[in-house]
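Asker: My structure is below; once you've seen it, I'll send some questions.
Every number here is computed from the coordinates shown, using simple stated rules; none is lab data. Please read all numbers here as calculations on a predicted model, not as lab measurements. Glycine also receives a Cβ, built like all others from the backbone with ideal geometry; neighbour counts cover every protein chain displayed.
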Amino acid sequence: MRELALHILDVLENAIEAGATRIEVSITEDTARDRLTIVVADNGRGMDEDVVQRASDPFFTTRQTRHVGLGLPLLRAAALRCHGELTIRSQPGAGTRLTVTLQRSHIDRPPLGDMPGTLLGALLSQRAFDLRFEHHIDGRVFAFDTVAMRQALQGVPFAHPAVRTWLHEFLTEGYAALHERIEGRA
């Protein structure tokens, strides 16, 4: 995958497939330490130690819809290529926490990519779950939590055309504002 956003989408899909009702995504860019850290934690069914150990094997998957699982092996390869690592902590019944670190400035680091599109795609999936998202860049942050959004919407689904349009604008503008502050334009 050419963008980290697509890897994140794959991890989100894995969490949703594992029955997660709550997913937390945190992206931290620390230019002083030259690190990019991505953490995805969920309350899904979790995995035992054997499955965690095999999760990076491209010929192992727990999904019934396909026979190979390239997402995590490719993400691990990208992390290792960029002087980083991928770790998975999980327990059956207690969810999973995936952490990826990469050297932020490494020439081979994939771009973050279209995070607003990734988040919107996940939020509009057919499975209901709540998402807490934070993207930190040197102390600045863009964050949201769908619990508060759902309360404000009073039962109107994210897939409603007006809500979908608002979500797209909210995510796009949030990311634009985060980067404007970084580049000194605001």
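Asker: Suppose each label sits 7 Å from its Cα in the direction of the beta carbon; what would the residue 83-residue 54 distance come out to in nanometres?
Answerer: 3.6
Asker: Something else now. Taking R0 as 35 Å, what FRET efficiency do you get between residue 147 and residue 107 from their Cβ-Cβ distance, rounded to the nearest 0.05?
Answerer: 0.35
Asker: Where does each of 158, 142 land when they are ranked from fewest to most other beta-carbon atoms within 10 angstrom?
Answerer: The fewest-first ordering by Cβ neighbours comes to 158, 142.
Asker: I've got another one for you. Which distance in nm do the two modelled labels at residue 127 and residue 154 give, with both placed 7 Å along the Cα-to-Cβ direction?
Answerer: Modelled inter-label distance: 3.1 nm.
Asker: Tell me what the chain gives for mean residue ellipticity at 222 nm when only DSSP H runs of n ≥ 4 count, each as -39,500 (n - 2.57), the sum divided by the residue total, rounded to 500 deg cm²/dmol.
Answerer: -12000 deg cm²/dmol
Asker: Under the classification rounded if a/c is under 1.5, otherwise prolate if a/b is larger than b/c and oblate if not, where does the stretch 4-183 fall, given a ≥ b ≥ c as square roots of the Cα gyration tensor eigenvalues?
Answerer: It comes out oblate by the Cα gyration axes.
Asker: Taking θ = phi - 60°, what integer Hz values does the Karplus form 6.51 cos²θ - 1.76 cosθ + 1.60 yield along the stretch 95-109, in sequence order, with x for Gly and Pro?
Answerer: x, 9, 10, 10, 10, 10, 10, 9, 6, 4, 8, 4, 4, 8, 5
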